[in-house]
Amino acid sequence: MTFPLTIRNIEKSIDEFHLNIQDLTFEEGTISAIVGTNGAGKSTFFKMLMNLVKQDNGEIEVFGHSVRGEDDAWKQQIAYQAQTMIGCDAFTGEQLRNLMAEVYPSWDESLFRRFSEKLNIPLNKKVQKLSPGVKTKLNLALNFGKNTPILMLDEPTAAMDIPSRNYFIQFLLELMERGDRTVLIASHQADDIKKLADYLVFINKGSVTRLLEKDSLVSSYRLFWLKEEPQVSRIPGEIKRTYKKVILSNHPEATMAYLSKNGLVIVDEQVPELEDIIQEILMEGEMINV
Amino acid sequence: MNLPIRLSKSSREPIYHQIENQIKALIASGQLATGDPLPSIRLLAKELEISSITIRRAYQNLEYSGFIQTSQGKGTFVAEVDPAMKTSMASQAVEDAISKAISIARQHECSDEDIVRMVKTLLQKEENQ
């Protein structure tokens, strides 16, 4: 089986910065969120996939074709949205549309029009006249219009207003219905990740996790409210203690076994919020046991 | 269409199982009738803020046990479910709710007599309304 995107043993060093990816395979029909703090290497990750930054070692394949091969037809399989639109200032939306429609054989005019009209994107204005939010919207309209099997979006909702962001989510989900598209999205918006992502990939201090299924990740953590404060400073599975009696565990089975063995009563328990888990992973470098 | 599904954050029951059981309950109670459409996997995943992989698993199980049907290109629909099965599921749902109430009563150290008395009082109250 050929996967839309596979990455194997990538290493990249830029000055003091090292990025290391062991093995990532993105399956058709899935949405993966790339999560990391500012400067963690998310954009470098995307640029490497697009062969805009060359890796020192390892292999990246798009539908089985190396991105470093002589034939670069793979580029027509990917719509990549960087954080900024470089070299587009002098053009209008319509002019950019004409350019893209020529470069991408899969161009779908109705997708482009529908998105542009819904968000009232002024297609006859030059890009340099547009606000950051409107630029992002135009960029999205163009990338949706490309109608490619792979979509890579680097912080697409950063400057967007709430109704537009909701429409973007709805539009993207509609595109996913056919089941043959693969999306990678870097976002700092917890809401985007909750509503869109099937998988999460964390980039933290240059190291990249494997694909973590969102619900398995969440359910591998659990919050316990105890009746009394445990006498030991760290019980099995505990990664955080608040108000002396609230234990966050990344090994709920082990924590529950310990509590029951030591007669500690659980008053209440629940799975934590995804935001809290992301916080633990990115700020505390918490180990992932999924 | 929005389904009235509420996922419990405190339950130890896996999410796909919670979804399966709640959809079964909606079918058993008649809130979802034969032929009614169900939301697409992606849409339900967005609404419940969980991954489409979990929803797919729940839908597959429901389809396997004959509660729903998927037809290519048209979507997912409620299947024809045996009325006897519906009745037994409905009583199961009531039993589950009562069991939950009992376990809460136990946490508050109620005796059997206390529980029975409370149920009688509530039934009486309902009658008077």
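Filter the range B:36-45 down to the residues that are facing another protein chain (nearest Cβ under 8 Å) and in a loop (DSSP other than H, G, I, E, B) and list them by number. Passing the criteria: only B:S40. The C-beta contact set for the range A:1-20 (first residue assigned to a loop (DSSP other than H, G, I, E, B), second residue among the β-branched types (V, I, T) and modelled with pLDDT of 90 or more, distance under 6 angstrom, 6+ apart or interchain) comprises A:F3/A:T25; A:P4/A:I150; A:P4/A:T182. Count of the range B:22-55 residues, restricted to those that are among the polar types (S, T, N, Q) and more than 15 Å from the chain's Cα centre (by Cα), is 5. Applying the criterion of at least 2 residues that are at pLDDT below 95 and more than 10 Å from chain B (Cβ to nearest Cβ) to the strands (runs of 3 or more DSSP E) found wholly in the range A:137-216 leaves A:199-204. Report the residue count in the range A:4-34 for those that are buried (at least 16 other Cβ atoms within 10 Å of the Cβ), away from chain B (no Cβ under 14 Å) and of a type in the set (A, V, I, L, M, F, W, C). Residues flagged as buried (at least 16 other Cβ atoms within 10 Å of the Cβ), away from chain B (no Cβ under 14 Å) and of a type in the set (A, V, I, L, M, F, W, C) within the range A:4-34 amount to 7.
When restricted to residues that are among the basic types (K, R) and at pLDDT below 90, the range A:1-26 contains 1. Applying the set (1) assigned to a helix (DSSP H, G or I); (2) away from chain A (no Cβ under 14 Å) to B:A33 leaves exactly one unmet item: (1).
Within the range B:70-129, restricting attention to residues that are hydrophobic (A, V, I, L, M, F, W, C) and part of a strand (DSSP E or B), the residue that is farthest from B:G30 (Cα to Cα) is B:F77. Considering A:T242, A:T182, the condition of being buried (at least 19 other Cβ atoms within 10 Å of the Cβ) and out of contact with any helix residue (DSSP H, G or I) (no Cβ under 8 Å at 6 or more places or on another chain) is satisfied by A:T182 alone.
Residues that are of a type in the set (S, T, N, Q) and either on the phi > 0 side of the Ramachandran plot or surrounded by 12 or more Cβ atoms within 10 Å (Cβ to Cβ) (or both) within the range B:55-87 comprise B:Q60, B:N61, B:S65, B:Q69, B:T70, B:T76, listed in sequence order.
Of the residues examined, A:K54 is not one that is basic (K, R) and surrounded by 17 or more Cβ atoms within 10 Å (Cβ to Cβ). I'd like the full set of residues that are touching a residue at least 40 places away in the same chain (Cβ under 8 Å), of a type outside the set (V, I, T) and within 14 Å of chain A (Cβ to nearest Cβ), limited to the range B:46-100. Hits for the range B:46-100 are B:E47, B:L48, B:R57, B:A58.
Which of the residues that make up the range A:245-285 are in contact with a helix residue (DSSP H, G or I) (Cβ under 9 Å, 6 or more places away or on another chain), within 17 Å of A:A190 (Cβ to Cβ) and of a type outside the set (A, V, I, L, M, F, W, C)? If the condition is that a residue be in contact with a helix residue (DSSP H, G or I) (Cβ under 9 Å, 6 or more places away or on another chain), within 17 Å of A:A190 (Cβ to Cβ) and of a type outside the set (A, V, I, L, M, F, W, C), then A:P272, A:E273, A:E275 are the ones that fit. Pairs meeting the criteria (first residue in the range A:253-277 and crowded, with 19+ Cβ neighbours inside 10 Å, second residue polar (S, T, N, Q) and not in a loop (DSSP other than H, G, I, E, B), beta carbons under 8 Å, at least 6 apart or on different chains) are A:T255/A:S249; A:V271/A:S219. Within the range B:5-30, being surrounded by 18 or more Cβ atoms within 10 Å (Cβ to Cβ) and within 9 Å of another protein chain (Cβ to nearest Cβ) holds for B:I15, B:Y16. One residue stands out in the range B:22-61 among those that are aliphatic (A, V, I, L, M) and in contact with an Asp or Glu (Cβ under 6 Å, 6 or more places away or on another chain): the one that is nearest to A:V271 (Cα to Cα), namely B:I50. On the basis of being farther than 25 Å from A:I193 by Cβ and among the β-branched types (V, I, T), does B:T54 make the cut? Spelling it out, it is not the case that B:T54 is farther than 25 Å from A:I193 by Cβ and among the β-branched types (V, I, T).
In the set (1) within 13 Å of the chain's Cα centre (by Cα); (2) away from chain B (no Cβ under 14 Å); (3) assigned to a helix (DSSP H, G or I), the condition left unmet by A:Q128 is number (1).
The values are calculated or read from the model by the stated rules, or taken from the named source; none is laboratory data. Computed from a prediction, not measured in an experiment: that's the story for all the values here. As a convention, Cβ positions derive from the backbone with ideal geometry for all residues, glycine included, and neighbour counts pool all protein chains shown.
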